[in-house]
Structure formats: C-alpha cells, structure tokens
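Below is one structure, written out as structure tokens; comments come after it.
Just so it is clear, none of the values below were taken in a lab; they were calculated from the coordinates. Quantities reported herein were computed from a predicted structural model and do not represent experimental measurements. Because the Cβ atoms are built from the backbone with ideal geometry, glycine has one as well, and the counts that use them run over all protein chains shown.
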C-alpha cells in the first residue's frame with residue numbers, strides 16, 4: 001500500500017507565518033482561534049509535513065501533526081480544505097504520489113484523502129472514519145493493466161461524497 005501517515009513529532013516555538021495560500025500557508029481559524037496551517041516540504045528527504053502555528057507570548061507554538069513520506073514517489077499535496085463532519089471541524093488533505101511500475105501495468109497517480117480533527121484534549125488526530133474509508137484511496141490511470149479512475153481528486157468531490165454519505169456508494 002502506498003498511503004503513508006506518520007504522526008510527526010511535537011511542539012516547538014517558532015516565528016508566526018503569514019497566511020499565503022500561494023506558498024502553502026493558510027488560516028486555520030476553523031480549528032484553533034488565530035491559528036495558521038502550513039504545508040512544509042523537506043527537500044532533503046522529499047517528505048511533506050503539516051504544521052499548525054498557534055500564537056503564544058513568545059511568537060508561535062508550532063505543532064507538526066502529519067508527515068507524508070516517499071511511497072514510490074515523492075508526495076504532493078493537491079488540496080487542503082476544511083469541512084465539518086459530525087459537527088466537528090476537520091482539516092482535509094488530498095495527497096498523491098506518482099507511480100510508474102509499467103512492468104506490472106500500474107502507472108499514474110496514487111491518491112489518499114486524509115482528515116484530521118481535534119480529540120477530547122484538543123490535539124489534532126487523524127480522523128479514521130475518513131482515512132479508513134476505501135473510497136478515499138485509489139489509483140488514477142492504470143492499475144495492473146486496467147484503466148482506473150480515482151473519483152475524489154478535488155475538494156468539491158470529497159465534500160459531495162461526505163455530504164451525501166452514508167446514503168451514497
């Protein structure tokens with residue numbers, strides 16, 4: 001399986017970034033008041049981390065809560081958006097990895113949709129009902145010689161799925 005989520009580690013004090021969607025920095029006020037979320041690429045090991053920055057008296061407290069690693073190819077975050085599920089705000093990401101295993105007829109992009117919500121202690125955790133949903137992962141192009149289409153490559157498609165679920169396939 002290509003999907004990978006490793007909870008990144010911990011908390012540190014850092015400078016507060018300014019929201020700038022073009023650089024992968026977004027307001028996360030739907031999760032924590034005055035918070036910022038950042039998509040951070042580490043070129044050395046080709047991983048991507050998601051970090052929340054929350055204002056404190058000495059700048060910002062940075063908490064890295066997710067890390068996507070190489071799974072055949074480098075990870076790419078195609079979309080980051082917020083949506084309430086069961087009355088709780090969630091951070092969603094749509095991540096893909098390029099796959100090229102032409103010898104077995106599998107190539108294209110492998111997708112995984114992730115969601116994170118707050119637990120009872122206010123910490124961000126993976127929302128297993130999203131990540132473990134088989135519709136939220138799949139290949140787009142060819143898998144073992146068969147054409148394959150992943151339907152949930154956009155925020156709009158994911159929102160539609162969860163708005164009509166569980167009535168929908």
Once the Cα atoms of helix 155-164 and of the chain are each reduced to a long axis, what angle between those two axes, in degrees from 0 to 90 to the nearest 10, is obtained?
-> 90 degrees
How would you order 87-99, 23-35 from highest to lowest mean count of nearby Cβ atoms within 10 Å?
-> 87-99, 23-35
In a Gaussian network model of the chain with springs linking alpha carbons closer than 10 Å, the residue among 37, 48, 104 that fluctuates most is 104
Neighbour-count order for 102, 54, fewest beta carbons within 10 angstrom listed first = 102, 54
Read through the labelled values (1) 1.02; (2) 0.99; (3) 1.41 and report the label of the one computed as Rg/Rh (Cα atoms, Kirkwood Rh) from the structure.
-> (2)
Sorted by mean Cβ packing within 10 Å, highest first, what order do the peptides 59-71, 128-140 take?
-> 59-71, 128-140
Mean Cβ-within-10 Å packing, highest first, puts peptides 110-116, 12-18 in the order 110-116, 12-18
So, in Å, what gap is there between the alpha-carbon centers of segment 146-162 and segment 11-73?
-> 25 Å
